[in-house]
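Every number in this text was worked out from the coordinates using simple rules, so none of it is lab data. Predicted, not measured: the structure shown is a model, and the values here were computed from it. Cβ placement follows ideal geometry from the backbone for every residue including glycine, while neighbour counts extend to all protein chains displayed.
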Amino acid sequence: MSTFVTQKVPTYYNFADGEWTESTSNELIESYNPATGDLFSYSQKSNVRDVTAAIESVRHAFLTSDWAVNPKRRYEALLALAEHMTKNLERLSRILTIDQGKTIRESRGELAGCIDTLKYFAGAARTVFGRSMQLEPANFGVIVKEPIGVVGIISPWNWPALLMVRELAPALAAGNGVIVKPASLTPSISAEIFKLIAEIPRFPKGIVSLITGPGREIGAAMAASEKIDMISFTGDTATGKSIMETGAKTIKKIALELGGKSPNIVFEDANLDKAIPIIGRSIFISAGQICMAGSRVIIEESIKETVVQRLKEYAERLKVDNGLLETSDMGPLVSQNQLDIVQSFCDLGHQEGTIVTGGERLTGGSHDRGYYFKPTIIDGLPADSRVVQEEIFGPVLAIQTFTSEEEALHLANDSDFGLSAGVWTSNLNRAMRLSKGIQAGTVWINTYNKNFPEAEFGGYKQSGLGRTRGVDGLMEYCETKHVHIEV
Ligand code: NAD
């Protein structure tokens, strides 16, 4: 047994109508620590009956409590959750690392992001204002912002704490009732955060619920439910399409945060001392399992050799090991399945291009038990290669080159995705031209991966629909009503 395994394997329950409940299926999901392969937790393998009951309880709380009309209560509840999470930061970080595999430093950063998001949206709960206008003599319009009703949040496994809280905080701040379904690979951290929610009396009984279980069954039931008014989904583009199709039958609002294949464009005049570690981190953070991963680097031909050599050195210096070790720079992939997917892309990369470094599973000693993969760089791929076009969701960086600004822009936009991009140059005019031309929800100039609760985030093209974070992120969770007064 690994030294990193907690002695007792915990069982997590659903949280509905203010109570911890077992699924009526009497079945459990087993979760494994990706660093060691050890069993880490059990959670409920819920069915449609469980999810239907939970939706009813959230709807009841939404209709009968003062939540929708009491912004100060919402502010106090969200702030209390931020405070509880702050007190539990170290314990939660450890659970997140064992649940998902990422390094303990990454877990602390993810949970600090949750706390910052909760604080921002606690304040924002008191700013859900409309506007008023005079429209004709003796005719006044009042535009009112109201909660949508019951929101279903379906979240992925790669950043399971932040991507849940990123949606939960604004949905609750706007006054909605919420039912959350986390990914089955990483239910533990969501359940731990819900344990803190359960201790906060400012949340009305039943206003927020957690149901674990298979996405194709209970996630799809949420998308189909007439009692859910909006689905907020973060995950794979193919799943997002299926949720849109299902949700169309009840014309519910759908917000989608989907995949990416984001480029970093590096010009000859870039500050490489700054760029190299940030570009390296943009793809190897979370072992590449991050939607905004800088998975393509598009380099000006004249500096290609230097940039590739320096990125290779960066990748080979990374210490890939159990995320609980403070010295680890990169943890394992989340599962054997993810390892197989990443390996198959690298095999293709080997056939179609040249592996600069990595390209295979990391083995030997304790690595044999986890799902470790070497930080990988692949060069010489055709632009239409699946390795260049598809989201791999692993530590794999594809190299592309250009000789003109137009070509750089063309390559950056030559993708079905449009989540984010980085531009590295000391020419501000060029940076601004590219920021206008790049079809992506976020363009970072001379930096990457900088995210703030107050700045909108989301996708162009097949990377999503709607925006999360910021004022627009709060408004996603609001209905707009015109109340007209004639005096
Ligand atoms: P996934 O689509 O497989 O699963 C996401 C969630 O959807 C899980 O809770 C899953 O159980 C559920 N689900 C699965 N099938 C469903 C269905 N038919 N109906 C309803 N729900 C269903 O995604 P994943 O593998 O967990 O996450 C990785 C993906 O998420 C990547 O594509 C990544 O780019 C994307 N992502 C996007 C963002 C963003 O902000 N744009 C952030 C993180 C991850």
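Please report the net charge: other residues with Cβ closer than 13 Å to the Cβ of Leu96, K and R +1, D and E -1.
Numbers: positive: Arg91, Arg94, Lys102, Arg105, Arg108; negative: Glu90, Asp99, Glu106, Glu110, Glu192.
Once positives and negatives cancel, what remains is 0.
Multiply the residue separation of Glu407 and Glu217 by 0.36 nm, subtract the distance between their alpha-carbon atoms, and state the gained length in nm to one decimal. Present the calculation step by step, with values, prior to reporting the outcome.
Working: separation 190, 0.36 × 190 = 68.40 nm, distance 4.47 nm.
Full extension from Glu407 to Glu217 adds 63.9 nm.
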Cα-only radius of gyration and Dmax that characterise the stretch 33-134, units Å: 18.5, 65
Mind sorting Phe452, Phe15 by how few other Cβ atoms lie within 10 Å of their own Cβ, fewest first? Phe452, Phe15
Residues with beta-carbon under 14 Å from that of Ala77, excluding Ala77: net charge, scoring Lys, Arg +1 and Asp, Glu -1? +3
Please rank Trp444, Trp159, fewest neighbouring Cβ atoms within 10 Å first, as an exposure proxy. Trp444, Trp159
Among the aspartates and glutamates, which have Cα under 12 Å from the Cα of Lys481 when same-chain residues fewer than 8 positions away are ignored? Glu146
Cross-link reach from Lys274 to lysines, straight Cα distance under 20 Å and at least 8 residues apart if same chain, gives Lys304, Lys312, Lys450
Could you go through the stretch 188-198 in sequence order and give the Karplus-derived ³J(HN,Hα) for each residue, using 6.51 cos²θ - 1.76 cosθ + 1.60 with θ = phi - 60°, rounded to whole Hz, and x for Gly and Pro? 5, 5, 5, 5, 5, 5, 5, 4, 6, 4, 4
Can you tell me which aspartates and glutamates have their Cα less than 14 Å from the Cα of Lys252? Leave out same-chain residues fewer than eight positions away. Glu226, Asp229, Glu476, Glu479
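So for the stretch 263-445, what are the equivalent ellipsoid semi-axes in whole Å, largest first, each being the square root of 5 times an eigenvalue of the Cα gyration tensor?
Working: eigenvalues 153, 56, 44 Å².
Result for the stretch 263-445: semi-axes of 28, 17, 15 Å.
By the scheme Lys and Arg +1, Asp and Glu -1, what is the net charge of all other residues having a beta-carbon under 11 Å from that of Val150?
Working: positive: Arg59, Lys227, Lys252; negative: Glu56, Glu226, Asp229.
In short, 0.
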If I model a spin label as a point 7 Å beyond the Cα along the Cα-Cβ vector, how far apart are those points for Ser335 and Phe140 in nm? 5.6 nm
Members of Lys87/Lys205; Lys102/Lys253; Lys45/Lys374 lying beyond 28 Å, as alpha-carbon distances in this model show: Lys102/Lys253; Lys45/Lys374
For the chain, what is the convex hull volume of its Cα atoms per residue in Å³? 150 Å³
On a 0 to 90° scale, report how tilted helix 428-437 is relative to the longest principal axis of the chain, with both axes built from alpha carbons and the result rounded to the nearest 10. 60 degrees
At 7 Å along Cα-to-Cβ for each site, give me the label-to-label distance between Arg49 and Asp416 in nm. 3.9 nm
With the crude spin-label approximation of a point 7 Å out along Cα→Cβ, what separation in nm comes out for Lys481 versus Asp236? 4.0 nm
Rounded to 10°, Cα long-axis angle of helix 272-284 versus longest principal axis of the chain: 60 degrees
Under 16 Å from a point placed 7 Å out from the Cα of Ala383 along the Cα-to-Cβ direction: which residues of the stretch 399-434 have their backbone N that close? 399-417
Got a sec? How would Ile104, Ile341 order by Cβ neighbour count within 10 Å, fewest to most? Ile341, Ile104
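State the extension gain, in nm to one decimal, for the chain segment bounded by Glu313 and His350, taking 0.36 nm per residue of separation less the distance between their alpha-carbons.
Values: separation 37, 0.36 × 37 = 13.32 nm, distance 1.97 nm.
Separation in residues times 0.36 nm, less the Cα-Cα distance, equals 11.3 nm.
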What whole number of Å gives the distance from the Cα centroid of the stretch 36-58 to the Cα centroid of the stretch 93-122? 22 Å
